[in-house]
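Below: one structure in structure tokens.
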Amino acid sequence: MTEQSGVSRRTILAAGGLGAIGAAIPTGAAQASPQATAKGSPAGSPPGRAPKLRFRADGTFKVVQFNDTQDDELTDRRTVELIEKTLDAEKPDFALINGDVITGGCETRLAVKQAINNVVWPMESRGIPWAVTYGNHDEDSLPQSGVDEAMMLDFYRSYDHNLNASNIDGVTGTGNTVVPIRSANGGREAFALWLLDSGRYAPGSINGQDFAGYPTWDWLRMDQVAWYRDESQRLEQRLGRKVPGLMFVHIALWEHRFMWWGGVDTRTEADAARGRARHGIVGERNEDECPGPINSGMFNAILERGDVKGVFVGHDHVNDYYGDYYGVLLGYAPGTGFGAYGLPGAERNRMRGGRVFELTQAGDDVAIATRVVYARDLGIDLTANDQPMQPTPLGRKQAAI
């Protein structure tokens, strides 16, 4: 992930260093739970009017993950072409743009809405339920446009097929959501999609110490980890069993890097070969993983709970590998947006694509198969240039916001 700009505007960082965390973060995700329980649904649930997801009659369900569409209102036309051709070929039951939906360059409120609409309209116009997570670039236009992530969330939620939840009291980040998928017969939850905001950038300093020499991206906060853990336990208590699921965040966990190198401080090809063999890694790694400077502990919580079967990210546009890291799939979807950075030179757009997940329910178990769909296999022009389009017209509701 070679691009960086701006600073984080998350509540915890605005409050200052670790000494301010007690004031910046309420006492935990559990504070949000009584309110959610009173409404009969978990904290972070999609709105009641949103489409309800369920497995098909044959016990299957398909998810498509796009990543880093990352453009302004003059989106590269091939980004939209890739999304449309993937949706038409795969016919998913749910689609996700996993962070960096837009980037800097949107100078007005209208431009932000147009940039978003360009890449979500392919799902909305086809009636495909969809959602987003947030990445580090989504607020890059804030100084010019005045549109922050909370305002974007209201815009996303104005679409009929969007499944993003409203913000959760006491939990860091925007639009953290758990999307349930019910059994084919419409019964209880059979699978869960966990969508978390991994933030933007690390603060300038904590307790008077800067981050020179460390990665300067953001990380999941402990209240987000607690929210996942609490809601996971609540699902198990209500259903009498753990509900398997997948988790999507924009910025990689440290464990993505550990898995590739087969260790913590290892960096030789022999180390990588060990990692690939041990964890069954397939796919390409063309740039360093870029987690934040602090390990969130999310992977530890996932191991403890034993329900999330995979964590998939983006952020690093030219990686598309995945593997089995101690029973949990860790992996990437490649960058979808043709307007963002790619590989060097003439190969710039070779890795553009999306990741497909094919879920198959068998009793309480759900098998997961995953693969990548590439623009290069869909007849899309890979020329290393920019091909901006005129914005897709806004719907009536979206134009009125």
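The values are calculated or read from the model by the stated rules, or taken from the named source; none is laboratory data. Please read these numbers as outputs of a predicted model, since none were measured by experiment. Counting neighbours? That spans all protein chains shown, and the Cβs are built from the backbone with ideal geometry, glycine included. Protein only, heavy atoms only, side chains kept; ligands, DNA and RNA dropped before computing areas. Shrake-Rupley method; radii C 1.70, N 1.55, O 1.52, S 1.80 Å.
In this model, which of Lys91/Lys397; Lys52/Lys85; Lys52/Lys113; Lys85/Lys309; Lys52/Lys91 are farther than 20 Å apart at the alpha-carbon?
Values: Lys91/Lys397 26 Å; Lys52/Lys85 24 Å; Lys52/Lys113 26 Å; Lys85/Lys309 28 Å; Lys52/Lys91 17 Å.
Pairs exceeding 20 Å: Lys91/Lys397; Lys52/Lys85; Lys52/Lys113; Lys85/Lys309.
Top mean-square fluctuation among Ser232, Ser145, Ser205, Gaussian network model of the chain, C-alpha springs under 10 Å?
Ser205
Please label the shape of the chain as rounded, prolate or oblate, based on the square roots a ≥ b ≥ c of the eigenvalues of the alpha-carbon gyration tensor (a/c under 1.5 means rounded; beyond that, a/b larger than b/c means prolate, else oblate).
Working: a/c = 1.09, a/b = 1.05, b/c = 1.04.
It is rounded, given that a/c, with a ≥ b ≥ c, falls under 1.5.
Ordered by residue, what ³J(HN,Hα) values in Hz, to whole numbers, does the range 206-219 give under the Karplus form 6.51 cos²θ - 1.76 cosθ + 1.60, where θ = phi - 60° and Gly and Pro are x?
Per-residue couplings from phi come out as 10, 6, x, 10, 7, 10, 4, x, 10, x, 10, 8, 8, 8 Hz.
Could you provide, to the nearest whole Å², the per residue accessible area of the chain with probe 1.4 Å? Walk me through the numbers before you get to the answer.
On the way: 15130 Å² over 401 residues.
Per-residue value: 38 Å².
Tabulate in residue order the Karplus-calculated ³J(HN,Hα) for the range 368-379, using 6.51 cos²θ - 1.76 cosθ + 1.60 with θ = phi - 60°, rounded to whole Hz; enter x for Gly and Pro.
Karplus-based 3J(HN,Hα) across the range 368-379 equals 10, 10, 9, 7, 10, 9, 10, 4, 5, 9, 10, x Hz.
Given R₀ = 35 Å, what would the calculated FRET efficiency be for Ala150 paired with Tyr341, taking r from the Cβ atoms and rounding to 0.05? Can you show the working numbers first?
Numbers: r = 28 Å, r/R0 = 0.79.
With R0 = 35 Å, the Cβ-Cβ based efficiency is 0.80.
Would you please put 280-288, 221-229 in order of how densely packed they are, using the mean number of other Cβ atoms within 10 angstrom per residue and starting with the highest?
Numbers: 280-288: 16.0, 221-229: 23.8.
My ranking of the peptides, most packed first, is 221-229, 280-288.
Taking the alpha-carbon distance from Lys242 and a cut-off under 18 Å, which aspartates and glutamates remain once sequence neighbours fewer than 8 residues away in the same chain are dropped?
Glu189, Asp230, Glu231, Glu304, Asp307, Asp364, Asp365
Would you mind checking the radius of gyration and Dmax of the range 266-374 based on alpha-carbon positions, in Å?
Cα only, the range 266-374: 15.3, 49 Å (Rg, Dmax).
With a 1.4 Å probe and all protein chains left in place, how much of the accessible area of the range 170-228 comes from carbon and sulfur atoms, in whole percent?
On the way: 900 of 1890 Å².
In the range 170-228, the share of accessible area belonging to carbon and sulfur is 47 percent.
Roughly how many nanometres apart are two label points built 7 Å out from the Cα toward the Cβ at Ala89 and Thr383?
It is 2.1 nm.
Which net charge results when you count Lys and Arg as +1 and Asp and Glu as -1 among the other residues whose beta-carbon is under 12 Å from that of Arg78?
Working: positive: Arg77, Lys85, Arg348, Arg352, Arg376; negative: Asp71, Asp76, Glu81, Glu84, Asp381, Asp386.
Spelling it out: positives minus negatives among the neighbours equals -1.
Let me ask you something else. Select from Thr60, Thr177, Thr69 the residue whose mean-square fluctuation is largest in a Gaussian network model of the chain (Cα-Cα springs shorter than 10 Å).
The residue with the greatest mean-square fluctuation here is Thr60.
Let me ask you something else. When a/c reaches 1.5 or more, the comparison of a/b and b/c decides; with that in mind, is the range 87-188 rounded, prolate or oblate per its Cα gyration tensor?
oblate
Next up: Tell me the mean residue ellipticity at 222 nm calculated for the chain from its helices only (DSSP H runs of n ≥ 4, each -39500 (n - 2.57), averaged over every residue, nearest 500). If you can, show how the numbers build up before the last one.
On the way: 12 runs with 108 residues, N = 401.
Taken over the chain, the calculation gives -7500 deg cm²/dmol.
Roughly speaking, what is the stretch gain from Glu236 to Asp58, that is 0.36 nm per residue apart minus the C-alpha to C-alpha distance, in nm to one decimal?
61.6 nm
5 Å is the cut-off here: which amide hydrogens, built 1.01 Å from N in the peptide plane, fall below it relative to Tyr325, excluding neighbours closer than 5 in sequence?
For Tyr325, whose amide H was placed from the backbone, the distant partners under 5 Å are Leu330.
Hey, in the GNM for the chain with a 10 angstrom Cα cutoff, which one of Gln237, Gln65, Gln387 fluctuates hardest?
Among Gln237, Gln65, Gln387, the largest mean-square fluctuation in the Gaussian network model of the chain belongs to Gln237.
What is the antiparallel percent of DSSP beta bridges lying wholly in the chain, to the nearest 5?
55
Given just the C-alpha atoms of the range 150-220, how large is their convex hull per residue in cubic angstrom? Can you show the working numbers first?
Working: hull volume 9.8 nm³, N = 71.
Taking only Cα atoms, the range 150-220 has a hull volume of 138 Å³ per residue.
I've got another one for you. Ordered by residue, what ³J(HN,Hα) values in Hz, to whole numbers, does the range 330-344 give under the Karplus form 6.51 cos²θ - 1.76 cosθ + 1.60, where θ = phi - 60° and Gly and Pro are x?
10, x, 10, 9, x, x, 8, x, 6, x, 9, 5, x, 6, x
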